[in-house]
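Here the structure comes first, spelled out in structure tokens, and everything after it is commentary.
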Amino acid sequence: MRGIPDADHEADLAVFYDRQAPVRNTRALTPHRVESREWFIRLLKSEHRHSLFELGCGTGVEGVEFVRAGLHYTGVDLSSESVHLARSAGLEASVASGRNLPFPGAAFSAAWTMSTLLHVPNSGIHDVVRELVRVTAPGAPIAVGLWSGEDCEVLNPEDLEEPRRFFSRRSDETVRRIFGEHGSVEHFRTWPEGVGVESGPGAGNWSQHYQFLVLRTPASN
């Protein structure tokens, strides 16, 4: 597809998710997602990590669960309506772009970002990952979830209203390479798309699976 400036992607995404916020606030997570979150919480507790940052917090569905697990939680999202709902649930959340996070370096002991970085084009993905690494502590785990693809960038055919969502759909090999440039990919698993609540974007037009990884940020010198 033709190149679209990153800023246009973000503005369009904010419009889309503002519109979807009330619906997404009631949407249940898939069993695989719940299992992965609980596994990550156990990892954080085993490493005595107490703070978590979420990029793409949405309405706070998972943020609430992190708080219940005893973690100090901070989330950001492009959608002001989603952030409003997250705050209504008692979460610390704000509107911000992953390209320029409003936090000092090493502010958090871990990070979590699910189905968010697939909205970042290849032209900007390294900038966003660098920001995630910057705001997390040296040696911290960053959990990332993505929908796979054949290394193509498209507007979602499932979206019936404009603006449609932009997706950068990356192969397993590409995902490992991208994140491996910013630390160590120490955990990588996938699961099938499934149907119903376990289906991803694309309205059945794409062959895909979910990718879940943990990037370990470089240790301090």
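Evaluated against (1) more than 17 Å from G98 (Cβ to Cβ); (2) open to solvent by 40 Å² or more (accessible area, probe 1.4 Å); (3) at pLDDT below 95, A21 falls short on exactly one condition, (2). Of the residues making up segment 1-14, just one is open to solvent by 70 Å² or more (accessible area, probe 1.4 Å) and either assigned to a helix (DSSP H, G or I) or modelled with pLDDT of 85 or more (or both), namely D8. Examine segment 173-188 for a residue that is out of contact with any Leu (no Cβ under 9 Å at 6 or more places or on another chain) and farther than 28 Å from R134 by Cβ, and state whether such a residue exists. No, because not a single residue in segment 173-188 is out of contact with any Leu (no Cβ under 9 Å at 6 or more places or on another chain) and farther than 28 Å from R134 by Cβ.
Taking (1) within 20 Å of G63 (Cβ to Cβ); (2) assigned to a helix (DSSP H, G or I) in turn, G145 satisfies each apart from (2).
Selection of segment 159-173 for residues being within 17 Å of the chain's Cα centre (by Cα) and either part of a strand (DSSP E or B) or at pLDDT 95 or above (or both) yields F166, F167, S168, R169, R170, S171, D172.
Just checking, does segment 39-54 include any residue being among the aromatic types (F, W, Y), crowded, with 16+ Cβ neighbours inside 10 Å and touching a residue at least 40 places away in the same chain (Cβ under 8 Å)?
yes
When you check S148 against the structure, is it touching a helix residue (DSSP H, G or I) at 6+ places or on another chain (Cβ under 9 Å) and at pLDDT 95 or above, yes or no? So S148 passes the test.
Restricting segment 137-158 to residues that are more than 19 Å from the chain's Cα centre (by Cα) and farther than 24 Å from G75 by Cβ, the residue that is least open to solvent (accessible area, probe 1.4 Å) is P157.
Of all residues in segment 207-221, those satisfying the criterion of being over 14 Å from P157 (Cβ atoms) and in contact (Cβ under 8 Å) with a residue 12 or more places away in the chain are H209, Y210, Q211, F212, L213, V214, L215, R216, T217, P218, A219, S220.
For segment 177-206, which positions are open to solvent by 30 Å² or more (accessible area, probe 1.4 Å), over 20 Å from A28 (Cβ atoms) and either touching a residue at least 40 places away in the same chain (Cβ under 8 Å) or in a strand (DSSP E or B) (or both)? Scanning segment 177-206 gives E181, S184, V185, E186, H187, F188, R189, T190, N205, W206.
Of all residues in segment 125-160, those satisfying the criterion of being polar (S, T, N, Q) and under 23 Å from W112 (Cα atoms) are T136, S148.
The values are calculated or read from the model by the stated rules, or taken from the named source; none is laboratory data. Everything quoted here is computed from the prediction, not taken from an experiment. Cβ sites come from the backbone with ideal geometry, for glycine too, and all protein chains shown count toward neighbours. Quick note on the areas: whole protein, heavy atoms, side chains included, nothing else; ligands and nucleic acids left out. Shrake-Rupley method; radii C 1.70, N 1.55, O 1.52, S 1.80 Å.
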